[in-house]
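Below: one structure, written as structure tokens.
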């Protein structure tokens, strides 16, 4: 099993079919394979030795996918860089991983000077754009491909290290998650085997950043069943809808807030989105109202929720399209995929009774090799073959997992537990409401008060607090219904695309750790 | 990745759902896990050490599946014995593999004395039936389970040896194919990812022998997605139809001759077979006529063809349900699955042009570790990571593989090439014909003559040779149409379930190697 395997298979089965579509630029599998073989040759000529790390700092592009193939082809190790990080954080990861070569696009080329200040080990910088490199001393991606003979694929694979995927940069030192080829391919095959979300020979749309395992996983799964990749540099609703329409996209990875932006968009009806067969999302659950609106917008699509993490390459549980249509478990992260065992344990690693919150742990062939140069962190995370996710959660009697990040999203008002998700589900059913986030805010009488932050639909009349409260009381208990409402233009979103409740709560809890 | 993984997953998700159904005996996943843990404990108490081989010589049963789980649970290595072999062949394999413990059912218990003459190393024999063991010194399967405390699963897995699967007993010395846990699980996940033939939480019917990878592979794939197993000791059409009807079977592995026997059966219409979602078959292609009849008999089923071999754990290519419905490539073995690369090479291992016959070679994470204690045979079969199948074949421009066993099934008549499959397709379209095999027989004028061996439908009037020929000429060229016809009650079938053309041809070619 090796990351380049899908390319070889497609090359034999459909060499003249499109492999990548990036704006007007379409490349077939035969062209992609030739370019990848030449780029791999260039990497070797730049001195990449077996197992050496090669960094990629770039927005999504067809060249990004070529680089993801060329590095293993050349027997190097991938280091896809989180471009949301500061130069200091990236510098730390380049230093620790001793990344000798960096591929960089036009957007991030200006950052290279600052990176060189953090890290002196960059031997070569390759410019992934068109035209002459905007950086002194940088090499041109296209120049290298044009000037280099094709290399034979190393077909390095199996348990060999495929990439370092740095995580956790926003708190503490980033950790380089070491994933083998087998780790990544097992997650891709196992996810597809559990819940066939990828359409063979279909078209995947990439709008989530490729450095993140969520998008990379779809790239691998889709590549293994012969699909083409439609690539957009970033998420923008009209561009996304136009790309789906023009290229008959079958698959896409989105987070619920992106789905929200699409279904709220005034031009939604102008596009034909009926080609989409599956929308994979993660990071947060979907509300019933959003699901219904999204099912209407994407009539042929299965909604598939995945829970996992970089250390799990990345999928551990899935909630299938069928389970979404049934609608009764939308707050669950689903059940263990075919390639994983999932359980919830106490501090002594004993499995807790169902319904009891504990730490989610996962075992299987997709569990990372460890953290790069961090044996202690590795030993702490991997115990008896189980990856300790650090996520709290509980499991119901049928093995459905509920993640405590979402459970913790609980307000204690007048001594009663109120789950934010339940209130959000009720509030978003109001005809004027487009989106809603519910938080607890300090209240002299109730301790915490249920507070709704609401985005209205375009052109909708602003309801009063009391109208929202009365509407909610028709659906849920009075003590759960919002006692105060705040109207905003948009909900703040964190770097990973989740609604940032911490940001919403912070102004209400100035002197406290409370805040989600 | 470990063979017991699916059981652990099911135990968490649906402990009280049926795991095995064998006649009136139904056992849940919780019961199965408890029995497996106890049987594994008993194996350790019998002295099974890490990596030691444990043999199973038995017709299909629920206990067979328990043994398949208990051996890896106890950190042993499986050795499922081909019960079609002679005592000498089995003795050879037990000797070579140093199998210390043998599990044997009532049918094969009488063979143990002969095996002990071939091999003195059997420390213990476990009787897999009910009641007191019919063999002196044998232990009772149920007695061991009742008397032993549950063992904790070894969770041995990944690249560790899971089993020895002996092949090739009918010519030369048998070879023990060493498959790792990962080999078997990758083939299962990859096949399901390529073409989702297994219904999650569905019911698989086992009628093909479990010692063979074809059935074992379905067991693994089905176990990984939480399904139950309906087990029959052997193939018998009415019993198969009754089991499908009674237990709402969703999946079954059959060979085309078994499919033929089912659709020909006079009681076919009495059973409800509409629960079947996929029929997986291998070993030989399906004719258009049989496919149409079978699609009528199994209206909701996808027909899925697999090509592979034990050394590939076992799947390398698949022809999907959709490709069967399209009907234009029924003679192909399909295309490379997601987990495999397949190519056709010459004697120097260079890929040959499409359409040219060469040796089929396969690469991927499912390729065996090697042959047990046969380094030379291993080195010959595995070169540069490619499994050399020994099968001749060619590939078309879209990567569809055609196996030469089927290509060799060609008659040269009057200097023209006539493919038997094409003639069989035409002849079986005659309303009186139930099945047909076409062979070449010596002919003074034509060199070889196209000769059809025909089985009539029950109650059909016997057509003349000329009627069959005229019918065929309406569909295919005159030189391809049979010049002679022979009517038989049934077509001879080889040990592996293929139509035995060698047997049909032999009387016509008494002094020759010719004969298929």
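Annotations
- Alpha-carbon gyration tensor eigenvalues x 5, square-rooted, for chain B, Å: 40, 26, 23
- For the protein assembly as shown, projected area of the alpha-carbon convex hull averaged over all directions, nm²: 46.0 nm²
- Computed helical MRE - 222 nm, the protein assembly as shown, DSSP H runs ≥ 4 contributing -39500 (n - 2.57), nearest 500: -8500 deg cm²/dmol
- Ascending count of other beta-carbon atoms within 10 Å, so fewest first, for A:141, B:487, B:235: B:487, B:235, A:141
- Distance from region B:31-47 to region A:411-438 (C-alpha centre basis), Å: 51 Å
- Shown is the FRET efficiency for residue B:45 and residue A:475, computed with R0 = 45 Å from the Cβ-Cβ distance and rounded to the nearest 0.05: 0.15.
- Shape call, region A:116-186: gyration tensor on alpha carbons, a/c limit 1.5: oblate
- Expressed to the nearest 5 percent, the antiparallel share of DSSP beta bridges inside chain B is 60 percent.
- In terms of its C-alpha gyration tensor, region A:301-393 has an oblate overall shape, because the principal axis ratio a/c (a ≥ b ≥ c, square roots of the eigenvalues) is not below 1.5 and a/b does not outweigh b/c.
- Expressed to the nearest 5 percent, the antiparallel share of DSSP beta bridges inside region A:410-508 is 75 percent.
- The Cα-based radius of gyration of region B:409-508, divided by its Kirkwood radius, gives an Rg/Rh of 0.94.
- Gyration tensor (alpha-carbon) shape descriptor, region B:1-84, a/c threshold 1.5: oblate
- The fraction of Cα-Cα pairs per 5 angstrom bin, counted from 0 for region B:131-272, comes to 2, 8, 13, 15, 16, 18, 14, 9, 4, 1, 0 percent, rounded to whole percents.
- Nearest-0.05 FRET efficiency for residue A:488 and residue A:25, computed from C-beta distance (R0 41 Å): 0.55
- For region A:326-351 versus region A:192-241, the gap between their alpha-carbon centres in whole angstrom: 25 Å
- Exposure proxy order (Cβ contacts within 10 Å, fewest to most) of B:324, A:296, B:201: A:296, B:201, B:324
- Peptides B:297-307, A:305-315, A:346-356 ordered by packing proxy, namely the average of other Cβ atoms within 10 Å per residue, highest first: A:305-315, B:297-307, A:346-356.
- Rounded to the nearest 0.05, the FRET efficiency derived from the C-beta distance between residue A:384 and residue B:445 at R0 = 56 Å is 0.15.
- Share antiparallel - DSSP beta bridges, the protein assembly as shown, percent rounded to 5: 60 percent
- Here A:509, A:372 are placed in order of increasing Cβ neighbour count within 10 Å, fewest first, which gives A:509, A:372.
- Against the main long axis of the alpha-carbon atoms of chain A, helix A:288-297 sits at an angle near 50°.
Only the coordinates and a few stated rules stand behind these numbers; no lab work does. Everything numeric here is computed off the predicted structure, so don't read it as measured data. Because the Cβ atoms are built from the backbone with ideal geometry, glycine has one as well, and the counts that use them run over all protein chains shown.
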